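What follows is one structure encoded as structure tokens, with my remarks underneath.
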Amino acid sequence: MDTRNSTLMEEEALRAAALWGLDAAVIRHDLAISGSPERSEFRCVVGGAGRQPVLLESIRRQDLGHKQAVIDRLDFLARQGLPYVHPYKRTTDGRHIPSIEGRFWQASPYVPGAPLDRTRYALDGWRGETMADFLIRLREASQTLPEELSTPVFSILDYLDALTGTMEKREPLLHERLAPVTAFLRERLAPVHDSLPAAFCHGDFHPLNVIWSKTGIRGVIDWEFSGTKPECYDAALLIGCLGMESPDNLDGAMVMEFIRHLRAARVLSDASWRVLVEMIIAIRFGWLSEWLRKRDTEMIELETVYMHLLMDHAEDLPGIWGC
């Protein structure tokens with residue numbers, strides 16, 4: 001967004017802030033915003049005199065239904081006592097997504113955090129344990145999720161079929177390179193996928209969607225992909241992201257403590273543990289789709305190599321992880 005448009009959006013945000021009782025507010029350029037900027041049209045932190053800063057986000061009209069569903073799920077989870085969720089705020093007249101001057105806004109508490117050291121955080125076993133603990137508590141809190149807040153069970157195999165069909169037409173060389181990987185998944189994951197236990201999942205559970213303190217978690221953010229999925233989805237996504245940063249992380253302290261803590265809690269079935277590597281690989285196709293959309297050739301190549309690496313070590317990793 002260019003400087004002029006950004007300034008105009010900030011002016012609109014300040015007018016919108018009044019709907020939440022933030023009068024005489026200012027834009028807090030000094031506060032870093034965690035999470036993906038692509039989840040909204042525009043976002044900024046607004047502060048008012050003597051008030052906690054608020055993260056304001058401009059919402060695209062076509063996303064209103066989905067955004068409200070996310071808001072309602074977080075409200076429910078917070079009422080169930082799930083820690084580290086920070087529900088969206090209501091305006092002074094009780095609305096979650098008001099419209100002002102034809103633009104829609106939502107607001108959530110601004111949660112400050114400690115910067116994540118990308119060079120060494122995967123060496124911190126405590127991070128793995130705290131992320132596992134969050135998933136355990138998420139499972140408990142979502143047990144009574146009302147039907148109207150649930151989603152159909154997401155099929156990673158249906159997603160894979162759709163993506164590979166598109167790749168075959170638009171990226172035939174990439175499709176050919178990944179043919180052994182897709183064949184591997186159809187042989188080993190497809191026969192059991194539909195019988196795997198399902199659970200409510202965050203859907204994008206990785207360290208950059210956590211707001212950290214120096215010793216723990218302060219917030220879990222970006223719930224846009226939350227919904228009912230195979231129960232090991234969040235675990236597989238997290239491990240896959242850590243391994244993508246460096247394959248050495250796959251048997252590093254964070255991954256090992258994460259798995260140890262999850263296994264001790266018995267929140268995943270034996271069937272889910274048996275296909276954990278396959279689920280990790282399948283989920284990486286979602287990231288590959290993102291790199292294709294952005295035409296990021298370097299990341300496409302890295303992702304392709306990584307999926308082959310995981311496939312080649314699919315017999316070794318469960319032994320290393322003790323599952």
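Tell me, which strands (runs of 3 or more DSSP E) lie completely within the stretch 204-323 with 2 or more residues that are crowded, with 22+ Cβ neighbours inside 10 Å?
Details: elements: 210-212, 217-220, 227-230.
Qualifying strands (runs of 3 or more DSSP E): 227-230.
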Residues that are within 20 Å of the chain's Cα centre (by Cα), of a type outside the set (A, V, I, L, M, F, W, C), within 26 Å of H313 (Cα to Cα) and not in a helix (DSSP H, G or I): does the stretch 144-155 have at least one? yes
Go through the stretch 172-201 residue by residue and tally those that are touching a Leu at 6+ places or on another chain (Cβ under 7 Å) and farther than 19 Å from M311 by Cβ. 1
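Here's the yes/no breakdown for (1) over 13 Å from the mean Cα position of the chain (by Cα); (2) of a type in the set (A, V, I, L, M); (3) closer than 30 Å to Y88 by Cβ:
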{"residue": "D222", "(1), (2), (3)": "no, no, yes"}
{"residue": "P230", "(1), (2), (3)": "yes, no, yes"}
{"residue": "Y233", "(1), (2), (3)": "no, no, yes"}
{"residue": "L237", "(1), (2), (3)": "no, yes, yes"}
{"residue": "C241", "(1), (2), (3)": "no, no, yes"}
{"residue": "D248", "(1), (2), (3)": "yes, no, no"}
{"residue": "G252", "(1), (2), (3)": "yes, no, no"}
{"residue": "I259", "(1), (2), (3)": "yes, yes, no"}
{"residue": "A264", "(1), (2), (3)": "yes, yes, no"}
When only residues in the stretch 47-96 that are touching an Asp or Glu at 6+ places or on another chain (Cβ under 7 Å) and crowded, with 16+ Cβ neighbours inside 10 Å count, which is farthest from P37 (Cα to Cα)? G48
Residues that are out of contact with any Gly (no Cβ under 7 Å at 6 or more places or on another chain) and either among the polar types (S, T, N, Q) or not assigned by TED's automatic domain parsing to the domain that holds I283 (or both), drawn from the stretch 150-202: S150, S155, T164, T166, T182, S195
Cβ pairs under 6 Å, 6+ apart or interchain, first in the stretch 125-149 and in the same structural domain as C201 (by TED's automatic domain parsing), second of a type in the set (D, E, K, R) and surrounded by fewer than 20 Cβ atoms within 10 Å (Cβ to Cβ), ordered by first then second residue, are G125/E257; G128/E257; E129/E257; L149/D72
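Can you name every residue in the stretch 20-46 that is under 22 Å from G94 (Cβ atoms) and either touching a helix residue (DSSP H, G or I) at 6+ places or on another chain (Cβ under 7 Å) or crowded, with 19+ Cβ neighbours inside 10 Å (or both)?
From the stretch 20-46, those under 22 Å from G94 (Cβ atoms) are 20-23, 25, 40, 46; that's our starting set.
If the condition is that a residue be under 22 Å from G94 (Cβ atoms) and either touching a helix residue (DSSP H, G or I) at 6+ places or on another chain (Cβ under 7 Å) or crowded, with 19+ Cβ neighbours inside 10 Å (or both), then W20, L22, A25, S40, V46 are the ones that fit.
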Selection from the stretch 110-132 of residues that are assigned to a helix (DSSP H, G or I) and touching a Pro at 6+ places or on another chain (Cβ under 9 Å): Y121, A122, R127, M131
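Would you be able to say whether some residue in the stretch 144-153 is in contact with a helix residue (DSSP H, G or I) (Cβ under 6 Å, 6 or more places away or on another chain) and either of a type outside the set (G, A, S) or within 25 Å of D194 (Cα to Cα) (or both)?
Residues of the stretch 144-153 in contact with a helix residue (DSSP H, G or I) (Cβ under 6 Å, 6 or more places away or on another chain): 149.
Now drop any that are not either of a type outside the set (G, A, S) or within 25 Å of D194 (Cα to Cα) (or both), which leaves 149.
Yes - at least one qualifying residue is present in the stretch 144-153.
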Which pairs do you get when a residue that is in the same structural domain as L135 (by TED's automatic domain parsing) and farther than 16 Å from A314 by Cβ, found in the stretch 232-259, comes within reach of a residue that is part of a helix (DSSP H, G or I) and acidic (D, E), reach meaning Cβ atoms under 6 angstrom, with the pair 6+ apart or on two chains? E257/E129
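The values are calculated or read from the model by the stated rules, or taken from the named source; none is laboratory data. Small disclaimer: the values here were computed from a predicted structure and weren't measured. All Cβ positions, even for glycine, are placed from backbone atoms using ideal geometry, and neighbour counts span all protein chains on display.
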